[in-house]
Structure formats: structure tokens, C-alpha cells
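These notes concern the structure reproduced below.
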Amino acid sequence: MGCSSCSTGKDGQPGGCKNNGTCGTDGCNKLTVFDWLSNMSLPNGEKPFDFVEVRFKNSRKEFFKNTESLTLSIGDIVATQAQSGHDIGMVTLTGELVRVQMKKKKANVSAEDSSKIYRKASQKDIDIWQKCRDREEEIKKRAREIAIVLKLQMKISDVEFQGDGSKATFYYTAEERVDFRQLIKDMAKAFGIRIEMRQIGYRQEAQRLGGVGSCGRELCCSTWLTDFRSVSTSAARYQQLSLNPQKLAGQCGKLKCCLNYELDTYLDALKGFPGQDTKLYTEKGLAYCQKTDIFKGLLWFTYKDEPSNWHVLSKEQVTEILTKNRKKEKVTSLEEYAIDNTIEEKVVFENVVGQDSLTRFDQPKRRSKNRNNNKNRNKKRRNNKNRKPKNA
């Protein structure tokens, strides 16, 4: 996926972003970082930062040192150093923002054994890389069949070839520890390449595969979310959401990451707010809290003997009653406090944009009187013309 302003080389391979890193569509890569320093020149005597960020398949990104001082821009295909051989990736970030990203991800800038960029990828490198990428789906299917025959409790979710085609990394998920030594032997014999098995979590699997969430948008983890924070059911309780696992679980089967997005706002609103287990002592009886509305500042209470009769109180009224209860004083009843909240304002919806009424088709149209009168007149004229004279 890419914008119309990006040039494309042979066989659909990207030839380099023509917006110089200022693309506003953010549709070229996953987890793209907007290079807002791309149009700014360095001060006199300042050397450009010699590390670049390179993206490989899906969202895997690594930092490489540009020891050859190559002129690189976002979108260039480069050959990078690997444990054995070389790998092919796409440059996603250059310049001073790479320093910020390395600091954020706690990567060592001054390490002497940092991986290097060998060269810009030639057409031969790209052809070999593309050929290996085309084999991945077939090999993944065959690897799953071998795992089923060996009765291994694991799921092979993705395969990633190294750029030179000498090695393949198999990503898998499993509930327990898996002994896949025989699996590696069988796959190495069947495919004729070096095999590496890498276990990932269910969220990392969803990040690599991508998809569409229940909100109708692409998954956050595969587009912009860079880290995974733990999500607990308490986040749903604070936001008063139904604890339904089918609604709270994401595509990965775990709790949705978006449950944490508004959690801080709810926690700030809960400061100084009476708890859900609040009890009010009245002369009429003990009252329990049944429901709260944090942002409107309302609480619903019911008597112990009248669970179907709910009384609405404001946050200030509940605080006042609790203050009296602490002094061992009981209020008469909740009705004297809740009487102001029983009158609800009727919401009137006005047609402010000039749209037609939604109920315009509910009642049939009435025929106009003038139209009926004209029809009757025309009918009388036709009858008079067709009527024969009496003397004939």
C-alpha cells in the first residue's frame, strides 16, 4: 500500500519516496515515524547521524550503522549485515530522529559491534529477495503439515526469509514449552535451508499478521502502537463496562489495548468520587449504591427492602449524607434529597441543518382539493360531449 506520489520500480518494488519523508498519508509502511526534520538542514560543521532505521517484513525494525556514508533516503532498499550472509530491508528513517528512536528503544549508539549497511540493494539482490518472499506461503503451509504429523501443540503463524535466501525464521505461538528438535530436522531436510524457530506472544502474532478490529479500523498494534502494556479487567471495571470476554477481547484473544486509552481520564474523574460500595444510613433503612455516572456526578441508590425503587442523588448530596453518617446521624430518607433529580428535562431535537423530517413518510399524503376539483370538471365536460341531443 502506498500513496500516488511514491515512485515504483520494476516488479512493483518501491523506488524511493518522492516526498522526502514528509508523506502525510502514512500508508507506505507499518508503524511509520513522520520525519518532521527532513526539510531542515544541519548546522555548519555538524555531521549527519550515521545510523538509519531499516524495516523488514511486517513491523520488524532494526538500526544499522552507515559506515560507508551512503546517501540514503526513506524508501531505499538496502543490503544489511546478518549473522551469516546479508539481509534486505527498506530504510524507514534517517537523520537525527533515528537518535531519538534509538534512545527510546534503549539501543546502544556507541557499540562497536553494531550491524552495518553494506550497500544499496542491486537488482539481483531484489530479485532473489522477491523470489524468497514468494515461497513463504507455500513453506508455511508445508511446515504446519509437518507440525501436525509430529503432533506438536503449536501454531506456526508466519515465516520470514533472510534477504539472501539462506535462512528462514518461523514464528510460532504455543501455550506450553514445545520440543521442536525433530521439526527443525524435518523442515531443514524438506526445504534445504537453515531454520530458526522464534516463539512470540498472541499480541505479537496479531501485530505481524494485521487485521481489522471490531471498531472497523486496522489493528492499533499493526499500524501505530509501538509497545504492549498489560491490560487488566480492572480497566473495564473503572470504565463501567460489561465484563463480557467476547466484547472485551481483541483479535489476539487477549483484552483489547484500547481499554487503557481512556483509563487515566476515568481515574482522574474518580478522585473524590464516592465508591461503588457506598452505603447510606437513613431512618427509612439502609441504602446501597447500584449505579454511578462519573462524568455527570450522579449516583443511584436503592433501599435494602425496596430494590426496584431507585433514587438519584448527586455527588455533593451523597457526600453530605456520608458526613452526617460519620457523626452517627441519620437522614430522614433519600426522597428528600432525590426529589430535585426526579424531574428530567425533555430533550428537544431541532432541525438545525434544514433536513427533512424523519417522520415525513409516516402518514399518507393528502390529495389537494384543487386537484380533485379539476378532475371533476374535466369529467363533466367529457360527459357533456358524449351525451346525445334530445331531438336526434
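Full extension of the chain between GLU262 and ASP293 gives 9.6 nm of extra length, using 0.36 nm per residue less the Cα-Cα distance. Solvent-free Debye calculation, one equal scatterer per alpha-carbon of segment 46-137: log10 I(q)/I(0) at 0.13 Å⁻¹ equals -0.43. Averaged per residue, segment 203-312 has 62 square angstrom of accessible surface, using a 1.4 angstrom probe with ligands and nucleic acids left out. In terms of its Cα atoms, segment 221-273 spans 37, 25, 14 Å along the principal axes, sorted from long to short.
With a threshold of 22 Å on the Cα-Cα distance, the over-threshold entries among LYS61/LYS167; LYS47/LYS116; LYS124/LYS167; LYS247/LYS304; LYS185/LYS254; LYS131/LYS167 are LYS247/LYS304; LYS185/LYS254.
The values are calculated or read from the model by the stated rules, or taken from the named source; none is laboratory data. Everything numeric in this text was worked out from a predicted model, so none of it was measured. To get the accessible areas, we keep the full protein, side chains included, count just its heavy atoms, and leave off ligands, DNA and RNA. Shrake-Rupley method; radii C 1.70, N 1.55, O 1.52, S 1.80 Å.
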